[in-house]
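Asker: Have a look at this one before I ask anything.
The values are calculated or read from the model by the stated rules, or taken from the named source; none is laboratory data. Not measured: the values here are computed from a predicted model. Here the Cβ is made from the backbone with ideal geometry for all residues, glycine too, and neighbour counts use every protein chain on show. Side chains included, ligands, DNA and RNA excluded: accessible areas come from the protein's heavy atoms. Shrake-Rupley method; radii C 1.70, N 1.55, O 1.52, S 1.80 Å.
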Amino acid sequence: MIQEKFNYQTRWTIRRFADDVAYQAGMPTPVVDADGNELPAVSEIEGNLLLNEGIALLLDLLIGAGGTAYNNANSYIGVGDSSTAEAASQTGLQAASNKTYKAMQATYPSRAAQTVTWRSVFASADANYAWNEFTIVNASSDTGTNLNRKVSAQGTKASGQTWTVDVSITIS
C-alpha cells in the first residue's frame, strides 16, 4: 500500500517595538505591557488549527472553483482577546468585541520555496488589549473566510507600542 503525507508547519512571530522610533529603526525591543508584565522583543509560537471554512476555500482555489484568494489585496491578520480553545468548525475570532484586523504590509503575503508568509503591523493605537487569539482571513472582519486560528496568550499591548505579526506556513 502506498501512503502519502501532507505536512504543514505554522509559525507565528510577534515583534514588539516600544515606540515608533524603535519600529522605524526595525529594532524590536522588550516592552512592558499594559498589565505591567515585561515581554520579550520577539515571541515565536508554533502551530495552529486550519479551520474547515479555510480548508474548503483552499481546495476550491486549487481546482479553480473560485473564491477570494489570501493575497495582498484581501488578506488580513486578526487578533483578539478570547482564550476559547480552537475548534475546526469556528469561523473566525471568538472575542466578543476586542478584535482587530489589519491589512497586509506591502509585498505580503510572499512565497519563498514552500513557505508563504503574511505580515501585518498593529500601530500604536491598534489592538490595545490582551492578545490571546490570531487568524488569517480574506476580509477585514470575521465575515471573510478564516484560514486558521491560534490561541496563545501574548500579553496586553499598550498604547504607544507597535507590534507586528508574521505568519509563515510551510508545506512539504
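Asker: Residues being among the hydroxyl-bearing types (Ser, Thr, Tyr) and either crowded, with 24+ Cβ neighbours inside 10 Å or more than 17 Å from Ala96 (Cβ to Cβ) (or both): count how many of those fall in the range 136-149.
Answerer: Going through the range 136-149 one residue at a time, the tally reaches 2.
Asker: So, in the range 52-66, exactly how many residues are touching a Gly at 6+ places or on another chain (Cβ under 8 Å) and among the hydrophobic types (A, V, I, L, M, F, W, C)?
Answerer: Selection size over the range 52-66: 2.
Asker: Can you name the number of the only condition in (1) open to solvent by 10 Å² or more (accessible area, probe 1.4 Å); (2) polar (S, T, N, Q); (3) over 22 Å from Glu38 (Cα atoms); (4) at pLDDT 95 or above that Ser152 fails?
Answerer: Going through (1) open to solvent by 10 Å² or more (accessible area, probe 1.4 Å); (2) polar (S, T, N, Q); (3) over 22 Å from Glu38 (Cα atoms); (4) at pLDDT 95 or above one by one, Ser152 breaks only (3).
Asker: Given the conditions (1) buried (at least 22 other Cβ atoms within 10 Å of the Cβ); (2) in contact with a Gly (Cβ under 9 Å, 6 or more places away or on another chain), which single one is not true for Tyr76?
Answerer: (1)
Asker: When only residues in the range 89-103 that are touching a Gly at 6+ places or on another chain (Cβ under 8 Å), open to solvent by 30 Å² or more (accessible area, probe 1.4 Å) and part of a loop (DSSP other than H, G, I, E, B) count, which is farthest from Gly155 (Cα to Cα)?
Answerer: Result: Gln94.
Asker: Please go through the range 11-38 and give me each residue that is open to solvent by 20 Å² or more (accessible area, probe 1.4 Å), in a strand (DSSP E or B) and more than 15 Å from Ile169 (Cα to Cα), ordered by number.
Answerer: Within the range 11-38, Arg15, Val32, Glu38 qualify.
Asker: Does Thr115 qualify as being at positive phi, surrounded by fewer than 21 Cβ atoms within 10 Å (Cβ to Cβ) and of a type in the set (Val, Ile, Thr)?
Answerer: In short, no.
Asker: Give me a count of the residues in the range 39-88 that are in contact (Cβ under 8 Å) with a residue 12 or more places away in the chain and in a loop (DSSP other than H, G, I, E, B).
Answerer: Adding up the residues that qualify gives 21.
Asker: So which of Glu46, Glu53, Glu133, Glu86 is charged (D, E, K, R), farther than 22 Å from Asp20 by Cβ and open to solvent by less than 30 Å² (accessible area, probe 1.4 Å)?
Answerer: Of the residues listed, the single one that is charged (D, E, K, R), farther than 22 Å from Asp20 by Cβ and open to solvent by less than 30 Å² (accessible area, probe 1.4 Å) is Glu133.
Asker: May I pose another question? Do you know which residues across the range 1-10 are touching a residue at least 24 places away in the same chain (Cβ under 8 Å) and either open to solvent by less than 50 Å² (accessible area, probe 1.4 Å) or more than 20 Å from Arg119 (Cα to Cα) (or both)?
Answerer: Within the range 1-10, Phe6, Asn7, Thr10 meet the criteria.
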